Amino acid sequence: MELHIVIEGRKDLARQVYEQLRDSIVCGRLAAGVQLPPSRLLAAQLGLSRKTISDTYSRLTYENYLVGKVGSGTFVNALNAHSPSRPAPSKLASAHIVAKWERISLPLRHPTRAGTLRYDFLGGATAKTQFPHDEWRRCVHHAVRQMSTERGFYSQPEGLPALRAAIAGHIAFARGVRCGADDVVVCNGAQQALDLIARVLIEPGSRVAMEDPGYTPARLLFAAQGAEVASVPVDREGIIVEQIPDDACAIYVTPSHQMPLGMPMSLARRHALLEKARRIGAIIIEDDYDSEFRYEGRPTDSLQSMDEHGVVAYVGTFSKTLLPELRLGYVVLPAAILEAVIKAKQLTDWHTSTLPQWALSKFISEGLLNKHIRRCHSTYAGRRERILSRIAGDLSPWLETIPCTAGFHMAVMLKPSLQPAIDLHLLVDRARDKALGLYPLHGFYSDATPRDGLMLGFGAIDLLDIDPALDRLRDLLMVFD
């Protein structure tokens, strides 16, 4: 890679090189520690004599802009390096649109490594200690070999055929989804799947219905696309179908493990929802984000497997079964919107990176995904049982759970009989002071009256940490009581 220096004319050549290098260091374009090209190489690049470059390097070294390291080369001196400067913002014709995006509050953001608490009940985080690094590494090596045989073209926007076939087989086996490889589109996580569906269904003023409480990032995404989001309340059977507006073009639901309360949608409510969508011409977006982990009761059918009229788009992710960092998800699409979503995918990012696609296709086809899910299931089940035992025991004066049968988070409600009522936000703040991460349910509500409760994620907290964490929660509740 060539260093960007522009030489004009044939006069003051050394001064031109010197000033451009110095200015690049002062403004931060050349950061501390960056190695400059050898003088011979830069001279050849610029068509100058090597002495001109050597003299420039020497002058900048004398002035402490550069530092030479014997046997290594010439580097930007940290003492004189600066952060890149930004030009002052100008007045934009689209300032009101930019401001709209700036006002969006992004919930559910995972902390950085530096911000992680000792005891953290963060939802959506997985058991990274369970990840099969050796098997995945072998699959990645396979992916590199596969890519070496390709011709260097862009790949298919809908995803590699091998991965689409592997996904179709996996979800048919695990969730009863009725699809072939041609119905699957590979995405950068479930969030991109939601974005693609929204792009082809929503225009400003379109109505989208979703559960309240519900998955807030989906709500924000639909609103950002210009939709009017209709908040539909839920009860113990799921979304109340009768309150879905007749002009909704899309209905977003999490029927297997309601986000965030956790209860599954009843069979009668599923049939009613499918009939409602058929009648009003809406697409149901079924977000089946973590139902691979089921602990009790009979498995429930996916909405997609019950769909007789092509109204369900089934969204899945590998962020919960593998790792969020992989950013791999998929959507099984009805014929009515399949081609449109594929075109939207190509216009958005052309295609998902093929390296992880090749790796994942091998990982699934060799049975490693199912093996990993079984191993994680055992781990999560133990954590879940420990939390339930404590809430039914010494935490029962303050807390109660909403029954759920799947996933790796549960909703824990403050008992309404508590007098005086506990200030939930103060409780969360006090918990952070004790290195305990608690997450209130309030952020998932839109129009419905929020209930005082917590989402307890048990995907990332170790079993041996659960009792010390809940001891701290109990001690805090005793102080509030």
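The values are calculated or read from the model by the stated rules, or taken from the named source; none is laboratory data. Computed from a predicted model, the values in this text were never measured in an experiment. Cβ atoms come from the backbone with ideal geometry, glycine included; neighbour counts cover every protein chain shown.
Only one of Asp195, Asp182 is surrounded by fewer than 22 Cβ atoms within 10 Å (Cβ to Cβ) and touching a Cys at 6+ places or on another chain (Cβ under 9 Å). Can you tell me which? Please lay out each step first, then the result.
Working: Asp182 fails: touching a Cys at 6+ places or on another chain (Cβ under 9 Å).
Within the list Asp195, Asp182, the selection yields Asp195.
Going by the conditions given, is Ala381 in a helix (DSSP H, G or I) and among the small types (Gly, Ala, Ser)? Before the answer, list the steps.
On the way: in a helix (DSSP H, G or I): yes; among the small types (Gly, Ala, Ser): yes.
So Ala381 passes the test.
Give the residues of the stretch 322-335 that are surrounded by fewer than 21 Cβ atoms within 10 Å (Cβ to Cβ) and of a type outside the set (Gly, Ala, Ser), sorted by residue number. Please lay out each step first, then the result.
So in the stretch 322-335, the residues surrounded by fewer than 21 Cβ atoms within 10 Å (Cβ to Cβ) come out as 323-327, 334-335.
Of everything in the stretch 322-335, those that are surrounded by fewer than 21 Cβ atoms within 10 Å (Cβ to Cβ) and of a type outside the set (Gly, Ala, Ser) turn out to be Leu323, Pro324, Glu325, Leu326, Arg327, Pro334.
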Where Tyr445 falls short, out of the listed (1) modelled with pLDDT of 95 or more; (2) in contact with an Asp or Glu (Cβ under 7 Å, 6 or more places away or on another chain); (3) farther than 23 Å from Arg219 by Cα | (3)
Quick check, is Leu338 in contact with a strand residue (DSSP E or B) (Cβ under 9 Å, 6 or more places away or on another chain), surrounded by fewer than 22 Cβ atoms within 10 Å (Cβ to Cβ), at pLDDT 95 or above and not assigned by TED's automatic domain parsing to the domain that holds Gly443?
-> yes
Going by the structure shown, is Ala43 out of contact with any His (no Cβ under 7 Å at 6 or more places or on another chain) and either modelled with pLDDT under 90 or in the same structural domain as Phe121 (by TED's automatic domain parsing) (or both)?
-> no
Return a yes/no flag: does the stretch 353-373 have any residue that is assigned to a loop (DSSP other than H, G, I, E, B) and farther than 21 Å from Ala174 by Cα.
-> yes
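For the stretch 224-237, which residues satisfy the criterion of being closer than 23 Å to Pro107 by Cα and either at pLDDT 95 or above or in contact with a His (Cβ under 6 Å, 6 or more places away or on another chain) (or both)?
First pass over the stretch 224-237, keeping only residues closer than 23 Å to Pro107 by Cα: 224-234.
Once the filter is applied, which keeps residues that are closer than 23 Å to Pro107 by Cα and either at pLDDT 95 or above or in contact with a His (Cβ under 6 Å, 6 or more places away or on another chain) (or both), the stretch 224-237 yields Ala227, Glu228, Val229, Ala230, Ser231, Val232, Pro233, Val234.
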Within the stretch 1-32, tally of residues that are assigned to a loop (DSSP other than H, G, I, E, B) and either at pLDDT 90 or above or in contact with a strand residue (DSSP E or B) (Cβ under 6 Å, 6 or more places away or on another chain) (or both) | 2
Within the stretch 391-402, restricting attention to residues that are farther than 12 Å from Leu477 by Cα and touching a strand residue (DSSP E or B) at 6+ places or on another chain (Cβ under 9 Å), which residue is surrounded by the most Cβ atoms within 10 Å (Cβ to Cβ)?
-> Ile391
